[in-house]
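What follows is one structure encoded as structure tokens, with my remarks underneath.
A short reminder: the numbers here are calculations on the coordinates, not readings from a lab. Source: prediction; values computed, not measured. Positions of Cβ are generated from backbone atoms using ideal geometry, with glycine treated the same way; all protein chains shown enter the neighbour counts.
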Amino acid sequence: METAATGSEESGAAEGPVEAAAGREDGGCEGLWELPVERCVRRAECGRCSRPQKVCLCPFFPVHPLKVSTCLYIIQHPAEESRVLRTVPLLAACLPGDKCKVLIGRRFGEDRYPELAAVCRNSSTLILYPGAEAANLEEVALIFPSPSTIIIIDGTWSQAKDIFYKNSLFRLPKQVRCNALT
Ligand SMILES: [Zn+2]
């Protein structure tokens, strides 16, 4: 859930000048005052979309939450929560509060997550995860016109793979995939 287009936000670090200034033996420290200090200043964040206020995306969100019948369960890898581009808050901001649930972690046992376990056992729950077993979501939509819940794993491919294969609960729902965009 990330695009390269937004990845440049944290760039602009001035490693070169810092090293150059630190390495100088001529005793002058005037140059240090000219170094950018922005890196140390924590930028103000929008409380709704979690983006820096300068690039807040809230004006682009729908005024009212989208009306959806399907509930989304986002299973988020802990490392994903702290990434620069946090896409889950954007999704959550567009959906009614009771239609978007976010669970953060790596291991989801039945004992600790009885509600999730019940959702996984529900025959109208789908899990979005590619693989040989996965059915095409568009075809499944014809059979399940309105799935009660779709489970989505948020993380890098290897994090998502780890979560999917090491939690038996996630292999209970019908597995679906999105067709690659052509
Ligand atoms: Zn915002």
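Computed quantities for the displayed model
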read-out: Principal axis dimensions, largest first and in whole angstrom, of region 62-177 by Cα; value: 38, 34, 27
read-out: Inter-centroid distance (Cα atoms) of region 152-182 relative to region 118-138, Å; value: 9 Å
read-out: Proximal lysines to LYS174, defined as alpha-carbon separation beneath 26 angstrom and excluding residues fewer than eight positions away on the same chain; value: LYS67, LYS99, LYS101, LYS161, LYS166
read-out: Linear extension gain, VAL68 paired with THR156, 0.36 nm per residue minus alpha-carbon span; value: 29.0 nm
read-out: Label-point separation, ALA117 to ARG171 (7 Å along Cα→Cβ), nm; value: 1.8 nm
